[in-house]
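Have a look at the structure below, then the notes.
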Amino acid sequence: MKRREFSKLLLALGVGAKTTFAGQSIADAETYEEPAKKLPVRHFDVVIAGGGTAGLFAAIAAGRQGAKTMLIESKGYCGGIAVEGGTAIHSFYNLYTAFEGCKKIKAVQGIPEEFMDKLTAMGGCTGYPEMETARDYDSVCTAIDTELYKILAFRMLEQAGVFVAVNTLLTSAIVHNARIQGVITESRSGREVIMANSFVDCTGYGDLCAHAGAEFTVPNDYDSCNSFGLANASIDDYYKFLKSHNAVGQMCRGPRSGEENKFVRMGAEQLDIPELQAEANKIGMSMITTTVHDNYLMYIKCNYKIPGTVLNRDDVARAEIEIRNRMARAAELFREYVPGFEKAFIARTSPSLCIRRGRQIICDYDITHEDVIDGRHFDDDTFVYGFHDWAPRYQIKEGGTYGIPYRALCVQDIENLYAAGMMITSDHRAHMSTRNTVSCMGQGQAAGTAAALCAIKNCGTRDLKYLDLKRELLKARVYFES
Ligand SMILES: Cc1cc2nc3c(=O)[nH]c(=O)nc-3n(C[C@H](O)[C@H](O)[C@H](O)COP(=O)(O)OP(=O)(O)OC[C@H]3O[C@@H](n4cnc5c(N)ncnc54)[C@H](O)[C@@H]3O)c2cc1C
C-alpha cells in the first residue's frame, strides 16, 4: 500500500483526523503556519552572504577596511566553485599570447593576487606558467590545490578579523523601505538575526537578493556539473596516451610537486578511439584537467543539463544521482583506456553539484557582450578583466581588457545591497566572461570594500562617492587602466 493510500485509510478510520497543534488541524493539512518565535540578534557593519569564490574576497576586503564583518557560508569551508568545479583559475592576465605585439597585463591584482602568491608559496598553486598550446584561448594556466586553498582562505579571513559563520544557512531577509535591516540564519545553534548596515550577496544563487525582494530571472542556460579529483593518475601518462593518439589539445608546463617545467594542464582534442569518445560524450565528460601534484588530477568534469531548474530541490536531487553515476563511469573509462591509470580512483568530489548560473539578479547596469568584446571601460570601473571562456570564437578586442562598472554590482531597487559573482550579467555570451573565477574574485574585493565604506559612512550604495571607493581599491593594489 502506498503511503498516500495508507494516510487516507487512517483518516477513514478516524485515526489522526482530529490531530491538532497550536490550534491547527495538521493531519490532512496542506500548509502549516509556523508559530512566531523570538530570535537572538547580533549586530555587524557588513554581512557577506556566501563564502565562495567572490564572497571570500568580499569578506577579506570588508574586514581589512575595519568594518565589523560577518561571513555566512552554508558549507564547512570557504572557496566555493573555485575549489569544487573549475579546471583552472581563469585568468589573471589578458589574452596577450593571441595577438602579436600585445602587451602582457596582469589585469586582476589586489587581494586575489596576494592570495595566489601565498598559495603558490605553500605549494598549492602553479602561479602563471604560459600555455604552450591553445594560446588563443588563455595565455596562462593557474592551477590550484583545492585543499590548501581552503586552509589559506580561513587563515586570511581570520587575519582580516572577519567573523566566519560556516555551516550556517542564510534563510531570509528583513527588509524595510527598500533597505535590508538584517538577515536570518539557521545553524545547529539555532536561528539568529544578523543586523547590519550593508550587505553583499555572494551566494552564487542570489539567495539574499531573492529573499530581499530583488528582481531576477532564472535563465537555466548552462550545464551543471560535479567535478572530481582522480588519484593514482599521472598527467605524464595522460600526455603519453593523448600523444599516441595525436590528440594533445590544451597543454601547459609549470611547477608540480616541487619541480619546474612539468605538465600541469592537459586536454584532449577529438580522440581517434570512437568508442571512448562516444562514452565520454554520453556522460558529458570533459577531457581537460589540471594538477599541481605528481599522481593526482585535480579536476575531471562531468556535465549534465538539469531537466528542470537549478532552483528546484527535486530536480537537483535527481541530477545529483545522475552526475555521481556519470563520475563513476568516467573513472572507469580512465582505468579502462589510459595506460598507467589502472588503479586510479576518485579521491575528491564537490559536496553538491556546481552550477554555472542560478538566479540572474537585475542590477543598475547589465554588462553586454559588446562591452566585453569591444574592451569597454567605464567611468566607474572597479577593476578590469581580460578573459573570455568562449575564446577563440569571441575574444576581447586586441587582447585588451574591459571594466566591471560599480553600477553592475548595485542591486536594483535595494538601497544597501551589492551582488557579486556569477549572478550578475544577463547576456549568455557576456556571462561566459564575467562569471569566471578571477572576475568573481575582483567583484568580491570591489563589493566588499564598497560595503565597508557604506557602513562606515552610514550611506546607501548609490550615495557612496565613486572616487572614495577607487582610492581604497588603488590603496589595496587593484589595477585600473586609467
Ligand atoms: C562546473 C564548473 C566549471 C567551471 N570551470 C571554470 C574554470 O575552469 N575556470 C574558471 O575561471 N571558472 C570556471 N567556472 C566558473 C566559476 O568557477 C564560477 O562562476 C564562480 O566560481 C562562481 O563564484 P561565486 O562566488 O558566484 O559562487 P560560488 O563560488 O558558488 O560561491 C557561492 C557560495 O555561497 C554559498 N551559499 C549559497 N547559498 C547560501 C546560503 N543561502 N547561505 C549561506 N551560504 C550560501 C555556497 O556554499 C558557496 O560557497 C566553472 C563553473 C562551474 C559550475
| Looking only at residues in the range 79-97 that are more than 8 Å from the ligand (Cβ to nearest atom) and among the hydrophobic types (A, V, I, L, M, F, W, C), which one is surrounded by the fewest Cβ atoms within 10 Å (Cβ to Cβ)? | VAL83
| remark: Counting only strands (runs of 3 or more DSSP E) entirely within the range 182-265, those with at least 1 residues that are within 11 Å of the ligand (Cβ to nearest atom) and touching a Cys at 6+ places or on another chain (Cβ under 6 Å) are 198-201, 224-231
| query | Of these, LEU148, LEU170, LEU119, which one is farther than 30 Å from GLY400 by Cα and either in a helix (DSSP H, G or I) or at pLDDT below 95 (or both)? | reply | LEU148
| said: Being more than 11 Å from the ligand (Cβ to nearest atom), in a helix (DSSP H, G or I), of a type in the set (A, V, I, L, M, F, W, C) and assigned by TED's automatic domain parsing to the domain that holds VAL438: is that true of VAL384 here? | reply: no
| query | Looking only at the range 102-149, which residues are basic (Lys, Arg) and within 26 Å of GLN250 (Cβ to Cβ)? | reply | LYS103, LYS104, LYS106, ARG135
| remark: Just one listed residue, out of ALA408, ALA391, ALA430, is in the same structural domain as THR449 (by TED's automatic domain parsing), small (Gly, Ala, Ser), part of a helix (DSSP H, G or I) and touching a Phe, Trp or Tyr at 6+ places or on another chain (Cβ under 7 Å), and it is ALA408
| query | Can you name every residue in the range 132-163 that is surrounded by fewer than 23 Cβ atoms within 10 Å (Cβ to Cβ), of a type outside the set (Phe, Trp, Tyr) and over 18 Å from the mean Cα position of the chain (by Cα)? | reply | GLU132, THR133, ALA134, ARG135, ASP136, ARG155, MET156, GLU158, GLN159, ALA160, GLY161
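The rows are residues; the columns are (1) closer than 26 Å to THR425 by Cβ; (2) without any contact (Cβ under 8 Å) to a residue 60 or more places away in the chain; (3) within 16 Å of the ligand (Cβ to nearest atom); (4) touching a strand residue (DSSP E or B) at 6+ places or on another chain (Cβ under 6 Å).
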| position | (1), (2), (3), (4) |
| --- | --- |
| ILE323 | yes, no, yes, yes |
| ARG329 | no, yes, no, no |
| TYR337 | no, no, no, no |
| GLY340 | no, no, no, no |
| ALA344 | no, no, no, yes |
| ARG348 | no, no, yes, yes |
| ILE361 | yes, no, yes, yes |
| ILE367 | yes, no, yes, no |
| task | List every residue pair whose Cβ atoms lie under 8 Å apart, where the two residues are 6 or more positions apart in sequence or sit on different chains, the first residue falls within the range 92-119 and is on the phi > 0 side of the Ramachandran plot, and the second residue, located anywhere, is not in a loop (DSSP other than H, G, I, E, B). | result | GLY110/PHE383; GLY110/GLY442; GLY110/GLN445; GLY110/LEU473
| In this structure, is ALA67 more than 14 Å from the ligand (Cβ to nearest atom), out of contact with any helix residue (DSSP H, G or I) (no Cβ under 7 Å at 6 or more places or on another chain) and either within 18 Å of GLU113 (Cα to Cα) or part of a loop (DSSP other than H, G, I, E, B) (or both)? | no
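Yes or no, residue by residue, for (1) touching a helix residue (DSSP H, G or I) at 6+ places or on another chain (Cβ under 7 Å); (2) within 30 Å of PRO274 (Cα to Cα); (3) in contact (Cβ under 8 Å) with a residue 40 or more places away in the chain:
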site	(1), (2), (3)
TYR149	yes, no, yes
VAL164	yes, no, yes
LEU170	yes, no, yes
HIS176	no, no, no
TYR205	no, no, yes
GLY213	no, no, yes
SER234	no, yes, yes
| query | Residues in the range 46-66: is at least one more than 22 Å from the chain's Cα centre (by Cα), surrounded by fewer than 20 Cβ atoms within 10 Å (Cβ to Cβ) and in contact (Cβ under 8 Å) with a residue 24 or more places away in the chain? | reply | yes
| Name the residues in the range 387-400 that are within 15 Å of the ligand (Cβ to nearest atom) and more than 18 Å from GLY442 (Cβ to Cβ), would you? | TRP390, ALA391
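The values are calculated or read from the model by the stated rules, or taken from the named source; none is laboratory data. Owing to the predicted nature of the structure, the values given are computational and were not obtained by experimental measurement. Heads up, the Cβs are rebuilt from the backbone with ideal geometry, glycines too, and the neighbour counts pull from every protein chain shown.
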